[in-house]
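Only one structure is covered here, and it is reproduced in the block below.
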Amino acid sequence: MKLVIVGSGYVGLVTGACFAEFGYKTICVDTDEKRISNLNLGKCPFYEPGMDDLLLKHLNNTKLLSFSSSLKESMIDADIVFITVGTPSRRLEDDADLSYVWKVAEQISLNIKKYCLVVTKSTVPVGTTKHVKKIIEKKVIKENFDVVSNPEFLREGSAINDFIRPDRVVIGTENKKSENMMRELYRPLYLRETPLVSTSIETSEIIKYASNSFLATKVAFINEIADLCEAVGANVQDVSKAMGIDQRIGSKFLNAGPGYGGSCFPKDVKAFSSTAKKYNINLSIVNAVHQSNQERINNIATKIINNTNSNATLGLLGLSFKPNTDDIRESTSIKLALLLKNNGYTIKCYDPEAMENAKKEFSSFAYCETAIDACNKTDAIIIATEWNEFRALNFETIGKFVNDKKIFDLRNIYNGNELEKIGYKYYGTGK
Ligand code: UGA
């Protein structure tokens, strides 16, 4: 089977590299020629553990993976074409901007010469894949293509593992022929007995949004419980642990923190609710989750402001929205830093991977070479992202260089009692 992936961003490149790992000849396409020429040199445009090795392996050794800016040439002999372009929030609106999807669908329609599947892998609102079909139908006879919805469930930072060892694969199709082709495509996962869930196209599209919104709900829920724990002197980590042991609840996504961020949850939660509204359905829980998450970072900033002197210098550890990524989109660390900066604080910061991205957009923070440098001569330290390298800092030594020994551990990665023993005032989250 020959695969074409249209859109060489995060999802497209992970998908392309992993399908090459499964043994398929795969071409990733993008209109950004600079990006394509860098990819042809094996340069990945983002940090993702394992990606560089996988790209080089399939670009140079197996030669199963290639990159092109010509959709026309790439689509000769294509059996399956994936749409993996971005679906950002529309400016000043909650719903997804589908203009890239429509454009790509039109271009695909001009290049179908023999039967192929057109698969939406981008996160798209219910109804989108059928609309892609309508666009293609204008140029291609129906015997020559089928559309499929096949959402991705990749987490940044562990995307390759999530692709190669998924909990499930969801395939939304209209007929047996396309379902069988998709099952054949994912045959390499049979050995692992990965559940392949076959549904209608609409169901598949909803599964993606419902999954992300549900996970976001868990996070927002435990964050509100954390506030209550703080108010009454309880410990949210123990609450999460005991709740999570109940198999009906599950332990994952119950870590209290500064709120969810990233390029998916904030956008998808809003878009899901906005889509439902178009069908006169009020997703009131999803709306409340969005509201709660928006307020979260303001409350965290207030807590820091109430417990530090104005004009203090703060050492901020972590800028990415979560560890193992250089992605700062909707990063709660950055939002917090901006709020504090606006309140007169000086921000010294450090992140293992996200500094370059942050520097391009935010010039008002002092960027430091190491975590220790970022803590030097500060009045309080904020642990905003739970990178591994922040988990075992020597706070005894750091304590000798700070003005005031205060730690705001937004991700609860330290034992407060131990830090208090060495003279710190420790502020955990929900404990
Ligand atoms: C999320 C989903 O987990 C993926 O399944 C999905 O494919 C992806 O969105 C997408 O739609 O493309 P991702 O945004 O990479 O993946 O990150 P997550 O690991 O889900 O974390 C999202 C946010 O929730 C982060 O800000 C994280 O810090 C926060 N979070 C997560 C918590 O605050 N507590 C938790 O217990 C878990």
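The values are calculated or read from the model by the stated rules, or taken from the named source; none is laboratory data. Predicted, not measured: the structure shown is a model, and the values here were computed from it. No Cβ is skipped: glycine too gets one built from the backbone with ideal geometry, and neighbour counts run over all protein chains shown. Note: areas computed on protein heavy atoms with side chains; ligands, DNA, RNA excluded. Shrake-Rupley method; radii C 1.70, N 1.55, O 1.52, S 1.80 Å.
Assorted remarks:
- Under 19 Å of direct C-alpha separation, and excluding same-chain neighbours fewer than eight residues apart, Lys208 reaches these aspartates and glutamates: Asp94, Asp95, Asp97, Glu152, Glu156, Asp162, Asp167, Glu174, Glu179, Asp268.
- For a label point 7 Å along the Cα-to-beta-carbon line of Glu361, residues of region 375-396 with backbone N under 17 Å: 384-385
- Rough spin-label spacing in nm, given labels placed 7 Å along Cα→Cβ, for Trp102 and Ser284: 3.4
- Structural descriptor for the chain: relative contact order 12 percent, calculated from alpha carbon pairs under 8 angstrom and at least 6 residues apart.
- Region 212-281-region 57-74 distance, computed between alpha-carbon centres (Å): 40
- Over 26 Å (Cα to Cα) - which of Lys270/Lys335; Lys114/Lys267; Lys2/Lys134; Lys241/Lys277 fall in this group: Lys114/Lys267; Lys241/Lys277
- The heavy atoms of Glu420 offer some 90 square angstrom of accessible surface to a 1.4 angstrom probe.
- The chain: angle of helix 99-109 to the longest principal axis, Cα-based, in degrees nearest 10: 20
- Carbon plus sulfur fraction of accessible area for region 330-431, probe 1.4 Å, in percent: 44
- Accessible area per residue (1.4 Å probe, heavy atoms of protein chains only) ranks Ser200, Ser310 as Ser310, Ser200, with the largest value leading.
- By the helix-only formula, in which each DSSP H run with n ≥ 4 contributes -39500 (n - 2.57) and the sum is divided by residues, the chain has a 222 nm mean residue ellipticity of -12500 deg cm²/dmol.
- Folded to 0 to 90 degrees: helix 176-185 orientation relative to the chain principal axis, Cα: 60
- Residues of type aspartates and glutamates that Lys425 reaches as a straight line, Cα spacing below 17 Å, ignoring anything fewer than 8 places off in the same chain: Glu230, Asp379, Glu396, Asp404, Asp409
- Translational D in µm²/s for the chain (Stokes-Einstein at 20 °C, 1.002 mPa s, Kirkwood Rh from C-alpha pairs): 92
- Subset of Lys177/Lys252; Lys103/Lys177; Lys57/Lys176; Lys359/Lys421 violating a 28 Å alpha-carbon distance limit: Lys177/Lys252; Lys57/Lys176; Lys359/Lys421
- In this Cβ point-charge picture (+1 for Lys and Arg, -1 for Asp and Glu), the chain has a dipole of about 740 debye about its Cα centre.
- Only protein heavy atoms count here; under a 1.4 Å probe, His290 has an accessible surface of about 40 Å².
- Of the trypsin sites (Lys or Arg not before Pro) found in region 135-230, those in coil by DSSP whose Cβ has at most 15 other Cβ atoms within 10 Å are Lys138, Lys139, Arg155, Arg168.
- Averaged over its residues, the chain has an accessible area of 46 Å² per residue, based on protein heavy atoms and a 1.4 Å probe.
- Reported value for region 215-427: 130 Å³ per residue, from the convex hull of its C-alpha atoms.
- When the surface is traced with a 1.4 Å probe over the full set of protein chains, Asp97 keeps roughly 40 Å² accessible.
- Computed from the Cα positions only, the extents of region 2-199 along the three principal axes stand at 40, 39, 38 Å, in decreasing order.
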